[in-house]
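This report concerns only the one structure given below.
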Amino acid sequence: MVLVIPGGTGARNAARAKGCRTRGFRLERAPHMARERTLSIIKPDAVEKNHTGAIVARLEQEGFLVCAMKRIHLTRPQAEGFYAEHKGRGFFDELCTFMSRGPIVVMALEREGAVAKYREVIGATDPAKADANTVRKLYGANVGENAVHGSDKVETAIREIGYFFAGYEVAPAAH
Ligand code: RTP
Ligand code: MG
């Protein structure tokens, strides 16, 4: 049987000191979660409603570092380029019209397991199906106007951050 005690030797010794049984168990370090980046967009609907500050505050509370941020107004070709993977789908035209109708706020966010954690915090694409207290449940109107975008994979995040930011514009955590 495997008993995972996070934190390695120090935590393991502390667990033994507290009288935790260790005989018969194999003690292992918890898997390390990598520090990642993800791209966040506060979409035109949420920017129009002045939800930018509340959404950024929520993301910081969830442990994300905002390492790049800017407010921009996409042209329609820029919106089409960003969402090129959806070209040919029924909602593509509507999506690009929506994303270019007003200013957006784009951010590169950093934390451990950023891509999955961010998607957990924003909730399902359709706000009606999103869990309570997720960003889309709180601020989204419908499946199209759903307040925020998030990268779906680490590789996608790298491409999406590069779509909006030059390398020098992304400031990682000071160590
Ligand atoms: P996003 O890329 O914006 O973070 O959203 P997502 O991964 O949750 O959803 P995705 O399938 O990638 O769709 C991209 C965006 O297209 C709009 N959409 N409209 N009318 C519709 O059925 C429909 N489906 C998707 C949404 O704005 C969605 O976030
Ligand atoms: Mg997506």
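Values in this text are rule-based calculations from the coordinates and carry no lab data. What you are looking at is a predicted structure, and each value in this text was computed from that prediction instead of being measured. Cβ placement follows ideal geometry from the backbone for every residue including glycine, while neighbour counts extend to all protein chains displayed.
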**Item:** Point-to-point label distance, Tyr83-Ile158, nm (Cα→Cβ direction, 7 Å offset)
**Value:** 2.6 nm
**Prompt:** When only Cα pairs under 8 Å and 6 or more residues apart are kept, what is the percent relative contact order across the stretch 124-169?
**Reply:** 24 percent
**Prompt:** Spin-label point model (7 Å from Cα, Cβ direction): what's the His175 to Glu60 distance in nm?
**Reply:** 2.4 nm
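Estimate the FRET efficiency between Arg71 and Lys129 by the formula 1/(1 + (r/R0)^6), using the beta-carbon distance for r and 30 Å for R0, to the nearest 0.05.
The computed FRET efficiency comes out at 0.55.
In what sequence, highest mean first, do 56-64, 102-110, 133-141 appear when ranked by Cβ atoms within 10 angstrom?
102-110, 133-141, 56-64
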